[in-house]
Amino acid sequence: MDDKILPMSKSILVNLGIVFLVVLLLGVLLYQVPAVKSQLNWRIDIAETYLRNLINPVGQIPTPLPQPVAAVTLSATDLPTAQPTAELITPTPGRTPTQTPRPTQIPPSINLGSPAWEKQTPNNCGPATLSLYLNTHNWEGEQGDISALLKPQTADRNVNVEELVYYVRTQAGWLNTEYRVGGDIELLKSFLAAGLPVMIEEGFHFEESYWPNDDRWAGHYLLLTGYDDTTQSFIAQDTFIGPDQIVPYQSVEENWQTFNYVYILVYRPDQTDLVKSLLGEAWDPDVNRQQALELAQSQTTDDPNNAYAWFNLGSNLVYFERYNEAAQAYDKARQAGLPQRMLRYQFGPFFAYFFSGRNDDLLTISEYALQRTPNSEEALLWRGWGRYRAGDYFQAIEDFQAALEENPFYQDARYALDYVAENP
């Protein structure tokens, strides 16, 4: 009897082994499908993020460290920053568009129509929203074309405004693009009334938590394609939620403040005079920043506990290289309380603390940013500069190399490595 059972058991084991190998092979093959790989990696990343924050809980952004009476002032030339170079990305040929007349007045409602909607892949609202925008100009591409150059790693959680503008200028050079800050609702409406969709970056709240005590705040992009004064709302193309979302003016204004009221315009060359006329003095970036600075300053006066007003004030001061004042404004923002993910998207505090000589604060906030977003190439870069200034050269090099591994196109990290090699 035992002689008959044993061969049958071996047969079962062999069959189970074959089934296991087949399933394993199918799994490996499925993982090679980009959509499957992206979703699986995203789920793994979510699990790792939750586990990491469960083991090592991170609270709010640390408040400023005590400062000596006399602050050290450093020149901006102490650390020149590299800019992206066109040699990494080849421009594409253009085309000749048709003329669009400018409306003589702003009507009570406008609907410019909706581009074919594209749901964002994980961590990809910037490239996905820009893809929608470019498709309003008959661009032939999709979000993956943009993210392949701006954020090669799916886990990269941020593409900033400058990177998006850079992409348009190098990959859709037959179009013009500008970004400005300090916008308002009426300005957005004037763009739309003139036939110009406009892209904004704003604060956003998730419906679910990604770690214990998650405040659920994150940055997000929207493409506005219409408005209606009757309902006091915009029509927004949201790559996370869906097309043609109705978003109240008040919600836009409140959420938009967290990103200094920034907006991006992509338009045809023959629309340049139209854009200039709509922007007025704000066509000049320096004038625009001064206006934004004054707006932020007035908002800090109206509400001294408004963390976003202080943060925007700091960012506009950084633009003018007024680093000591900027650092003090960021101090106020940190004391008032900022969202946990704030330093994932905006990096003015790194500049301010570095150039005002407050290296301990630079290291503190860059460490915090990396606890929240370990793969942030910007936080890795600035922690590296903080370590370099502290004399930890080898650790600085490790950070610069790690930043470059996260984004091989990150020119500031390449520059940092070259700089440290020449100045050990």
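Values in this text are rule-based calculations from the coordinates and carry no lab data. For clarity, every value in this text was computed on a predicted model and none was experimentally measured.
Diagonalising the gyration tensor over the Cα atoms of the stretch 385-424 and scaling each eigenvalue by 5 before taking the square root yields semi-axes of 17, 11, 7 Å, largest first.
Please report the relative contact order for the stretch 195-319, taking Cα pairs under 8 Å with a sequence separation of at least 6, and give it as a percent rounded to a whole number. Provide the component values of the computation, followed by the final result.
Working: 158 pairs, mean separation 25.5, N = 125.
Taking the mean separation of contacting Cα pairs over the length of the stretch 195-319, I get 20 percent.
Per the Debye calculation on the stretch 191-317 with a single equal scatterer at every Cα and no solvent contribution, log₁₀ I(q)/I(0) for q = 0.13 Å⁻¹ amounts to -0.65.
Projecting the alpha carbon convex hull of the stretch 93-283 along each direction and taking the average yields 10.8 nm². Note on the stretch 124-178: the C-alpha convex hull projects to 3.3 nm² when averaged across all orientations.
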